[in-house]
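S.K.: Before we start, here is the structure in question, set down as structure tokens.
The values are calculated or read from the model by the stated rules, or taken from the named source; none is laboratory data. Small disclaimer: the values here were computed from a predicted structure and weren't measured. No Cβ is skipped: glycine too gets one built from the backbone with ideal geometry, and neighbour counts run over all protein chains shown.
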Amino acid sequence: MIAFLTWLLLAMRLRLKSRVQLEAEIITLRQQVIILSRKSRSRVGLKNIDRLILVCLYRLFPSILGAIIALKPETLIRWHHRGFRAYWHWRSRQGGGRPCIDHELRSLIRWMCRENPLWGAPRIHGELLMLGIKVSESTVGRYMIRTGRPRSQGWKTFLRNHAAGIASIDLFVVRTISFKLLYALVILRHARQRLLTIGVTTNPTAEWIAGQVTEAFPWDEAPRHLIRDRDYAFGPAYIRRIRSMGIRDHPTAPRSPWQNGYVERLVGSIRGECLDHVVVFGEADLRRVLKAYASYYNGVRTHLSLDKDAPLFRRGHTVGNIAAIPILGGLHHHYVRI
């Protein structure tokens, strides 16, 4: 009795299995009819959904290979292998490991790397620890900028490091209301673009210019280099004086004002922001106007090259009501909080 029941169950299983396989072959043939019914000039127009259906049927019933006529059986097997690799690649995707650092920290590391080309990963890592940021040194090295060339300072850094020992001097002409010519002498320190002195005279001799240089630079604060143009007023007396002070004279090339660009820009600012808007009555009046502008230039006027600060480090205010202090009769204003 038990043997008979076992035989009956096996027979029913075989019959049921053959029926399911028959249905799978029918679905396979119908799918191929759909594929062949599409219009295509050269090759059979297969879509991803067609490949997916055929691969799934082959996965469940490998015997459907005998019913495949629209393509080679090897092609179906290749699709199956490709899907197998894609499936396990998806299953093996990165899910753990070391957590990624946030975007702000990566930007901070690259910013430090750009601003300090002589620093390596240990130095940047030390700075981050001093800022309370805990990150491994290997992570810092991974996110540093790779330039592919030896680390070197930029030209801006090079010039800034030598600006403290450089000054410029220049003369410019001012016309009075009576068409009289006055000469103004400006001396500029490159380090903070500080205007050291503005002298006014009717006769700019070499001795007078030498005296102005002596008053502008104490003996222990004289610059190493002094740049000027080739004006005849800078005569032998001027050259002897600056050499005795330990200053090297650097005349520019003929007709090359760009070689003394700092002081030329200063003269342009004096004209555009002051002298072009006032009428000079005489030497004393010009001296008063230039003295007021020099005070405004050094202590109040903001400079782009100094990060919007003044040469004498203007202090900001955040508390109080805003008030305006007129300068040069209201030509400019100094805004403060009181």
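S.K.: Only one residue in Val213, Val263 is modelled with pLDDT of 90 or more, part of a helix (DSSP H, G or I) and closer than 20 Å to Tyr293 by Cβ, so which one is that?
M.R.: Val263
Per-residue answers, yes or no, for (1) surrounded by fewer than 12 Cβ atoms within 10 Å (Cβ to Cβ); (2) at pLDDT 85 or above; (3) within 30 Å of Ile34 (Cβ to Cβ):
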{"residue": "Pro73", "(1), (2), (3)": "no, no, yes"}
{"residue": "Arg91", "(1), (2), (3)": "yes, no, no"}
{"residue": "Gly97", "(1), (2), (3)": "yes, no, no"}
{"residue": "Ala121", "(1), (2), (3)": "no, yes, no"}
{"residue": "Pro150", "(1), (2), (3)": "yes, no, no"}
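S.K.: Just to be sure I understand, how many residues within the range 292-314 are over 27 Å from the mean Cα position of the chain (by Cα) and of a type outside the set (A, V, I, L, M)?
M.R.: 6
S.K.: Looking for something buried (at least 20 other Cβ atoms within 10 Å of the Cβ), at negative phi, touching a residue at least 12 places away in the same chain (Cβ under 8 Å) and of a type in the set (Ser, Thr, Tyr) - is there at least one such residue anywhere in the range 188-198?
M.R.: Within the range 188-198 (the criterion being buried (at least 20 other Cβ atoms within 10 Å of the Cβ), at negative phi, touching a residue at least 12 places away in the same chain (Cβ under 8 Å) and of a type in the set (Ser, Thr, Tyr)), the answer is no, since none of the residues qualifies.
S.K.: Moving on to the next point. Looking at Arg265, Arg240, Arg255, Arg230, which one is touching a Pro at 6+ places or on another chain (Cβ under 7 Å), of a type outside the set (Phe, Trp, Tyr), closer than 23 Å to Ile166 by Cβ and surrounded by fewer than 16 Cβ atoms within 10 Å (Cβ to Cβ)?
M.R.: Exactly one residue qualifies, and that residue is Arg230.
S.K.: Also: For the range 157-181, give me the residue count where each residue is surrounded by fewer than 20 Cβ atoms within 10 Å (Cβ to Cβ) and not in a loop (DSSP other than H, G, I, E, B).
M.R.: Residues meeting the conditions: 16.
S.K.: The conditions are (1) over 24 Å from Leu181 (Cβ atoms); (2) of a type in the set (Gly, Ala, Ser); (3) free of Cβ contacts under 8 Å to residues at least 60 places away in the same chain, and Gly272 fails exactly one of them. Which is it?
M.R.: So Gly272 meets the others, but not (1).
S.K.: Hey, any hits in the range 269-280 for a residue that's assigned to a helix (DSSP H, G or I), closer than 17 Å to Val186 by Cβ and either outside the structural domain of Thr205 (by TED's automatic domain parsing) or among the hydroxyl-bearing types (Ser, Thr, Tyr) (or both)?
M.R.: For the range 269-280, residues assigned to a helix (DSSP H, G or I), closer than 17 Å to Val186 by Cβ and either outside the structural domain of Thr205 (by TED's automatic domain parsing) or among the hydroxyl-bearing types (Ser, Thr, Tyr) (or both): present.
S.K.: Being among the hydrophobic types (A, V, I, L, M, F, W, C) and modelled with pLDDT under 75 is the filter here; which residues of the range 78-89 pass it?
M.R.: The one that is among the hydrophobic types (A, V, I, L, M, F, W, C) and modelled with pLDDT under 75: Trp79.
S.K.: Pairs only if they're at least six apart or on different chains, beta carbon under 8 angstrom, first in the range 318-338 and outside any strand (DSSP E or B), second exposed (fewer than 14 other Cβ atoms within 10 Å of the Cβ) and not β-branched (Val, Ile, Thr); list them, first residue then second.
M.R.: Once the first residue is outside any strand (DSSP E or B) and sits in the range 318-338, its partners that are exposed (fewer than 14 other Cβ atoms within 10 Å of the Cβ) and not β-branched (Val, Ile, Thr) give Thr318/Arg337; Val319/Arg337; Gly320/Arg337; Asn321/Arg337; Leu331/His277; Ile338/Gly320; Ile338/Asn321; Ile338/Ala323.
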